[in-house]
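Comments concern the structure below.
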Amino acid sequence: RASTMAYVYTDRSHISPTLTDLEAMQRDRDIHHFAQRLPTKLNRMLHDTELSGVIEWMPHGRSWRIIDRDEFRARALPTYFQHSNMASFIRLVNAWGFRRVQSGVDYDSYYHECFLRGMPHLHIQMRRLLPDERKAPPEPSNGCSDFYDMPVCGGDDTAMSSSIEESFDSHPQGLSSTTLASTPHRSSGSSSEVVAPPLQSISSNKNNSTKRQLHN
């Protein structure tokens, strides 16, 4: 199903995690890494110190780039995907809606508005495109990417930072059922919206148990 609307990047770095997001993260973390969804695998690769200098986030935390393709093919792919086929990996990345930066300092990096450093709760909004689906073309007049004009993700300039990542990385089983059950609810009209506790509360509980336009 080809889209006729041009794609315009939406900054989602201000979105806080809900209980549903955290539960989904836990479920994905609990299964074997070979069976995990691409966003989770890719996020783990980007946090793997053994792959430093092989695949890395760009400074703004909104796109990532393979630095050393030979090492990526030899080390990263067999570990996380059980193969060493780079073309297959790129096809998978495209199938999950990632877009490639075509020019500028971020050239050849890939981005998705729901794949931001330190914000894995956004991954629940990502899905693999159906066989007959196509990514919407970028706005013709959008110019070069402007990630450097946006708030840095996963750094001191973002309220979310990487507290969620640290909680899961230090506790592979994810949030405990006690932590999840104690998460407060906020009433919103006729439905009840579940809101995650402050990041500091998540960490302590664990210890105790603008629209931007881009090139495609």
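Given R0 = 30 Å, the distance between the Cβ atoms of SER16 and ASP70 translates into a calculated FRET efficiency of 0.15.
Go through GLU133, GLU71 and list them by solvent-accessible area, largest first, probe radius 1.4 Å.
On the way: GLU133 35, GLU71 65 Å².
In descending accessible area the options line up as GLU71, GLU133.
How much area per residue is accessible in the stretch 30-103 when the probe is 1.4 Å and only protein heavy atoms are counted (Å²)?
Values: 3270 Å² over 74 residues.
Accessible area per residue, the stretch 30-103: 44 Å².
Computed over the stretch 24-131, the alpha-carbon pair-distance distribution with 10 angstrom bins reads 14, 50, 34, 2, each value a whole percent.
Which percent of the accessible heavy-atom area of the stretch 43-106 goes to carbon and sulfur, probe 1.4 angstrom? All intermediate terms of the calculation are to be shown ahead of the outcome.
Numbers: 1330 of 2840 Å².
Reported share for carbon and sulfur atoms: 47 percent.
Proximity of backbone amide H atoms, modeled 1.01 Å from N, is registered between TYR7 and GLU139 at under 5 Å, excluding neighbours fewer than 5 places apart on the same chain. Peptides 76-84, 117-125 ranked from most to least packed give 117-125, 76-84, packing being the mean of other C-beta atoms within 10 angstrom over each peptide's residues. Model label points for TYR148 and MET86, set 7 angstrom from Cα along the Cα-to-Cβ axis, are 2.6 nm apart.
The values are calculated or read from the model by the stated rules, or taken from the named source; none is laboratory data. As the structure is a prediction and not an experimental result, all values here were calculated from the model. All Cβ positions, glycine included, derive from the backbone under ideal geometry; neighbour counts span all protein chains shown. Please note that ligands, DNA and RNA were not included when accessible areas were found on the heavy atoms of the full protein model with its side chains. Shrake-Rupley method; radii C 1.70, N 1.55, O 1.52, S 1.80 Å.
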